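To start, the structure under review is shown below, and the notes come after it.
The values are calculated or read from the model by the stated rules, or taken from the named source; none is laboratory data. None of these values were measured; they are calculated from a predicted model. Here the Cβ positions follow ideal geometry from the backbone for every residue, glycine too, while neighbour counts run over all protein chains shown.
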Amino acid sequence: MIFLLILSFSISAKDTPDDAGGSITINAYNIPEGTQRILLYRLAGGDTIYEEVGLISIFKGEYDDASVVDGMEYLYRGKAITEDRAYVAEIKEYISSSPEWFNKSRTSVLLLLILFWVVVLIYIQLAKKNPEGLFIRRLPPLEAMDEAVGRATEMGKPVLYVPGIEYITDAGTLASITILEMVGKKVAEYDTRIINPHFDPIVMTIAQETLKTAFSEAGRPDAFNKDDVFYLTSEQFGFAAGVDGIMHREKPGAIFLQGYFYAESLILAETGYSIGAIQIAGTNATTQLPFFVAACDYVLLGEEMFAASAYISREPRLLGSIKGADLVKSALLILIGAGVIFGTIAFIADNAGNPTYMEIFNKILEFLARAAS
Amino acid sequence: MSISTSIWVWIAALLTLMVYSFLYKDNPFYRLAEHIFMGLSLGYTLTILWYNYIIPRVYEPLFLPPHQWSLIFPILLGLMTFGIFSKKYNWLIKYPLAFYVGGYAGLRIPLLLQSWIIRQVEASFLTPDKFTSVYSSINAILIFVGLVTTLIYFYFSKKREHGFGAAANVGIIFIMVAFGAAFGYTVMARISLLIGRMQFLIQEWLGIM
């Protein structure tokens with residue numbers, strides 16, 4: 001095969017922008033007619049032999065070499081192969097990759113976050129000044145919690161509280177801990193037993209402290225039994241089997257399924273239903289909500305869980321974030337509404353022979369698409 | 001019919017039957033299966049943690065050359081979690097927890113904002129290409145109305161009065177329709193799991209089919 005260095009075919013290499021390092025982007029230019037494939041070779045600093053790393057896309061003329069080590073220098077050589085010959089191009093200067101501190105393609109996300117952050121901070125300050133001034137609508141499942149604990153007490157049965165199978169980093173688990181505190185206070189007031197099995201040892205530790213505080217605040221620190229807050233297992237269906245067993249043996253009068261759940265949600269809710277317990281569920285796992293809706297008496301749907309923790313605690317930071325989130329929702333509704341109206345006007349104008357508005361509208365869509373990608 | 005002679009198939013089949021016996025009522029066989037399952041899963045989790053995390057991410061980089069001494073900081077942070085076992089030092093756990101929750105929130109929030117909010121807004125704009133047929137037009141309008149009314153349902157700081165309450169009621173209809181579809185879809189998936197277990201019992205264990 002004849003290797004020819006043709007000036008027209010060339011390649012360039014650059015550190016891939018806006019990435020976490022470990023990648024060099026190679027572009028090919030003036031790809032010869034009839035090219036079947038472009039082989040890419042790499043020479044690491046200190047080596048003497050080029051190694052084949054992949055194929056540059058003929059259509060995009062680009063290859064992302066994600067197998068490089070940050071800080072190490074490389075040379076690249078491209079070989080475009082046609083039916084009867086090969087064209088070779090190479091870069092002359094060593095190139096190395098490094099991570100970037102700032103991903104410029106996410107600037108719009110940063111701006112939105114700052115906006116959201118400012119709004120929440122303003123509302124937190126307002127909530128601190130006047131916590132009763134911020135209205136949060138009534139949530140029926142919260143009202144039912146009293147009733148559920150009362151019912152379990154009357155029946156002489158314990159209360160079972162399952163905080164889901166996620167870690168403490170999950171917002172749903174954090175909200176669940178706040179709800180657990182409220183349930184714990186009620187349980188202590190009514191002198192009932194609360195059983196609290198766990199999937200994660202760290203969540204268990206926090207739940208133990210939370211319940212201990214709740215019992216103390218209710219004036220019944222002696223009634224708190226640390227052994228009723230226990231670790232089961234960190235295996236999803238092992239945990240489900242364990243909780244099902246507890247439901248059948250202990251026959252709780254009220255069951256709280258509050259937190260993040262996965263496929264075990266229906267298994268737990270069905271078992272709870274089969275023993276006749278009043279069930280109050282809540283989860284931010286949208287995929288599991290249908291099962292709770294079908295099998296439980298009351299359900300806190302997604303964001304209602306976070307609103308519930310704000311409603312219960314009247315904690316200014318939570319109240320402020322709920323109010324801030326509502327304002328962001330309003331902004332989104334206005335944005336969507338304005339987009340629809342502007343899109344319609346642009347469409348009508350475009351049909352009437354004035355494409356300017358449609359061009360602006362398309363640019364807005366492109367901006368959103370870039371931000372979402 | 002040729003019944004399996006493999007001891008593992010027999011164990012799996014008997015454990016499957018023990019678990020299904022719960023459909024009748026709680027019984028010692030189910031309890032045995034439950035405790036075997038939980039014990040095994042706990043042992044399995046510990047083994048995974050030891051071989052996939054402690055050995056390759058703590059022991060090897062720290063004690064084998066080239067030593068990555070910088071790992072001492074995250075390891076110390078992790079060890080602070082054990083402060084919970086001491087009454088005197090249980091406050092130590094606050095630092096790894098704060099780092100863990102804060103770091104995770106920082107990683108997740110921009111991604112959620114990007115994939116859940118911005119993409120949703122982008123998809124909700126009614127552009128002319130969404131009205132190319134009767135079906136796509138109805139679809140686009142339904143998505144738009146569903147999004148707006150569902151967002152209104154999740155307003156917490158405004159009383160549900162007048163038109164706002166009506167819009168929230170429409171929102172809950174959309175939510176319930178979505179839940180119904182998801183429920184049906186999952187029930188189908190669960191039935192396929194049941195079929196898989198039945199196939200195992202009938203084919204692999206009993207060798208009937």
Looking at this structure, is B:Gly78 among the small types (Gly, Ala, Ser), within 13 Å of A:Thr205 (Cβ to Cβ) and surrounded by 13 or more Cβ atoms within 10 Å (Cβ to Cβ)? no
Filter segment A:125-150 for residues that are assigned to a helix (DSSP H, G or I) and under 14 Å from B:Ser157 (Cα atoms) and give the result. A:Leu126, A:Ala127, A:Pro131, A:Glu132, A:Gly133
Hits in segment B:102-115 (condition: within 7 Å of chain A (Cβ to nearest Cβ) and at pLDDT 80 or above): B:Tyr104
Residue list for segment A:248-269, restricted to those being at the interface with chain B (Cβ under 9 Å from one of its Cβ atoms) and more than 24 Å from the chain's Cα centre (by Cα): A:His248, A:Arg249
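Kindly establish whether A:Glu147 is of a type in the set (D, E, K, R) and closer than 21 Å to A:Ile194 by Cβ. Spell out the reasoning first.
Numbers: of a type in the set (D, E, K, R): yes; closer than 21 Å to A:Ile194 by Cβ: yes.
Against the criterion (of a type in the set (D, E, K, R) and closer than 21 Å to A:Ile194 by Cβ), A:Glu147 qualifies.
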Does at least one position in segment A:286-307 carry a residue that is at the interface with chain B (Cβ under 10 Å from one of its Cβ atoms), crowded, with 24+ Cβ neighbours inside 10 Å and at pLDDT below 90? yes
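Report, by residue number, each residue of segment B:85-101 that is within 10 Å of another protein chain (Cβ to nearest Cβ) and more than 23 Å from the chain's Cα centre (by Cα).
The initial filter retains those residues of segment B:85-101 that are within 10 Å of another protein chain (Cβ to nearest Cβ), namely B:85, B:90, B:93, B:96-97, B:100-101.
Once the filter is applied, which keeps residues that are within 10 Å of another protein chain (Cβ to nearest Cβ) and more than 23 Å from the chain's Cα centre (by Cα), segment B:85-101 yields B:Phe85, B:Asn90, B:Ile93, B:Pro96.
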Identify, from the list A:Val88, A:Val69, the residue that is loosely packed, with under 13 Cβ neighbours inside 10 Å and at pLDDT 85 or above. A:Val69
Go through segment B:11-29 and report how many residues are over 28 Å from the mean Cα position of the chain (by Cα) and either surrounded by 12 or more Cβ atoms within 10 Å (Cβ to Cβ) or aromatic (Phe, Trp, Tyr) (or both). 4
Select the helices (runs of 4 or more DSSP H) contained entirely in segment B:1-92, then report the ones holding at least 1 residues which are outside the structural domain of B:Ile208 (by TED's automatic domain parsing) and under 28 Å from A:Ile267 (Cβ atoms). B:7-20, B:28-49
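Count, please, the residues in segment A:160-170 that happen to be surrounded by fewer than 21 Cβ atoms within 10 Å (Cβ to Cβ) and either touching a residue at least 40 places away in the same chain (Cβ under 8 Å) or assigned to a helix (DSSP H, G or I) (or both). Spell out how you get there, then give the answer.
Going residue by residue through segment A:160-170, those that are surrounded by fewer than 21 Cβ atoms within 10 Å (Cβ to Cβ) are A:167-169.
Next cut, either touching a residue at least 40 places away in the same chain (Cβ under 8 Å) or assigned to a helix (DSSP H, G or I) (or both) only: none.
Residues in segment A:160-170 being surrounded by fewer than 21 Cβ atoms within 10 Å (Cβ to Cβ) and either touching a residue at least 40 places away in the same chain (Cβ under 8 Å) or assigned to a helix (DSSP H, G or I) (or both): 0 in total.
Identify the residue in segment A:100-115 that is outside any helix (DSSP H, G or I) and under 21 Å from the mean Cα position of the chain (by Cα) and, among all such residues, is modelled with the lowest pLDDT.
Restricting to residues being outside any helix (DSSP H, G or I) and under 21 Å from the mean Cα position of the chain (by Cα), the top hit is A:Asn103.
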Here's a check for you: in segment A:116-130, which residue that is surrounded by 14 or more Cβ atoms within 10 Å (Cβ to Cβ) and under 26 Å from A:Ala369 (Cβ atoms) is modelled with the lowest pLDDT? A:Phe116
